[in-house]
1. Cα gyration tensor of the stretch B:190-253, axes a ≥ b ≥ c as square roots of the eigenvalues: rounded (a/c below 1.5), prolate (a/b > b/c) or oblate?
2. In whole Hz and in residue order, list the ³J(HN,Hα) couplings for the stretch B:108-119 that follow from phi through the Karplus curve 6.51 cos²θ - 1.76 cosθ + 1.60, θ = phi - 60°; x for Gly and Pro.
3. Please name the residues of the stretch A:90-107 whose accessible area, counted over protein heavy atoms with a 1.4 angstrom probe, falls by no less than 30 Å² between the chain alone and the full protein assembly.
4. If one takes the accessible area of chain A alone plus chain B alone and subtracts that of the pair, with a 1.4 Å probe, what total in Å², rounded to the nearest 100, results?
5. Taking beta carbons within 10 Å but only from partner chains, what does the mean come to for residues B:121-130?
6. Tell me, what is the per residue accessible area of the stretch B:89-146 in Å², probe radius 1.4 Å?
7. Rounded to whole Hz and in sequence order, give me ³J(HN,Hα) for the stretch B:199-216 from the Karplus expression 6.51 cos²θ - 1.76 cosθ + 1.60, θ = phi - 60°, writing x for Gly and Pro.
8. Carbon and sulfur atoms: what percent of the 1.4 Å accessible area of the stretch B:75-229 do they account for?
Amino acid sequence: MKRKLLVVLAAVGSMAMFSGPLPAHHGVAGYDMTKTITLHGTVSKFDWSNPHVVVYVDAKNEGGEMQHWTIEFAAPVHMVRAGWSKNSMKAGDDIVIETHPSRNGAPVGITSTITFILKTVVNGQALPVRSE
Amino acid sequence: MPIRVAILTAALAAALGFSSNLPAQTAPDSAEAKPRQPGLMSGGIPDLSGTWDADFKGPEGTRVNTWDSSDPFAKHPEQAPMTPWAAEKFKGVRPPFGALQTFDNTNDPVQRYCDPPGVPRIYMYPWELKFIQTPKAVYILYEYTKVWREIDLDREHPKDPDNSWMGDSIGKYDGDTFVIDTIGFNDKTWLDQTGHPHSDALHVIERFRRLDHDRLELSVTIDDPKAYTKIFSNTKVFRLTNAPMGETLCAYSEMKEFQEKVVDKTQTPPGK
């Protein structure tokens, strides 16, 4: 499936107000929480399990090269309490998703902890978000 | 293990039998619900029934990362009043939280090995807890890792308790407060999310008090003369919730897979 838009560097700096480390199974040291990017691609796998929900997204970068992104969310229990479910998406779905990317440049990001959920749109339908 | 199963069965049977007499505690349906005075059960003891969730908002909530109120967010975890023994141990920790947080090869025993978080670290995780009050014991059920504790109301500590992950707990009601006194720990757990160690001399006092109908305050006091030169304490707040407890077991296979598929990828520059 051909995807048009790719990795768009979007809002930067708006998430830099974290007053402390985010509690969960682990901290967020591997991610650049001051940077938010938007990916547009296809869900290749939706892994609804502990310790954290993970969605795998195939999206092209600005050079047209396909990248395989791994995007972390909060634990399933916390996602349920925010209005998500195991059926929120499935492989093959179109997805537009914001994420805080890894610091080292790997195609890995974090889109939700217990305190926030960034914008995620699946097949044109927005899933529940949570602001910090 | 038949003995453990028998004990658990008896405990739950007692708990269920007793809890049927309790008034139902549920979270308000709307944000407009007015706070009420903390409820008391017959006998004048505080009513802790219901399910309590970590407070996601505010400085007293889930961002609290230490039990030292002078550094609640772990901005200076190295400045805790540690003895030389504890300070040396602390040098070796690689915590995933706090000012010293790292993703690179953390040695957090919970994240690395799915060790039980133990008491009091279990309260640092953002999951629910539920109290079951019976005449002779109070049971606390923790959503995170699905562990439970029995706090006996009718006995003293053993003179020489075994060392354990959760310790030996006895409790009493003190006015509007439920006080838990725990000793008999092993020294394998961290006190908090930032890796502060403790010894087997750890003595923890938990005080639960309802601030109002919807909020439950926990005050934790740490007394460990082998590890700390001072006694210190901090508080956290929980909120009454209607959300049913879910499954948050720490399965080593899942943790390992997550480590490899997500965390490890953020540690090494791509291509190396």
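1. Verdict is oblate for the stretch B:190-253.
2. 4, x, 6, 5, 7, 10, 6, 4, x, x, x, 9
3. Buried-area filter returns A:ASN104.
4. 3100
5. Counting Cβ atoms of other protein chains within 10 Å of each residue's Cβ and averaging gives 2.
6. The answer is 32 Å² per residue.
7. Those phi angles translate into 9, 6, 8, 4, 10, 10, 10, 10, 10, 9, 9, 7, 6, 7, 4, 9, 10, 10 Hz.
8. Carbon and sulfur atoms account for 48 percent of the accessible area of the stretch B:75-229.
The values are calculated or read from the model by the stated rules, or taken from the named source; none is laboratory data. Every value quoted in this text rests on a predicted model; they were computed, and no experiment measured them. All Cβ positions, even for glycine, are placed from backbone atoms using ideal geometry, and neighbour counts span all protein chains on display. What goes into the accessible areas is simple: the full protein's heavy atoms, side chains included, and nothing from ligands, DNA or RNA. Shrake-Rupley method; radii C 1.70, N 1.55, O 1.52, S 1.80 Å.
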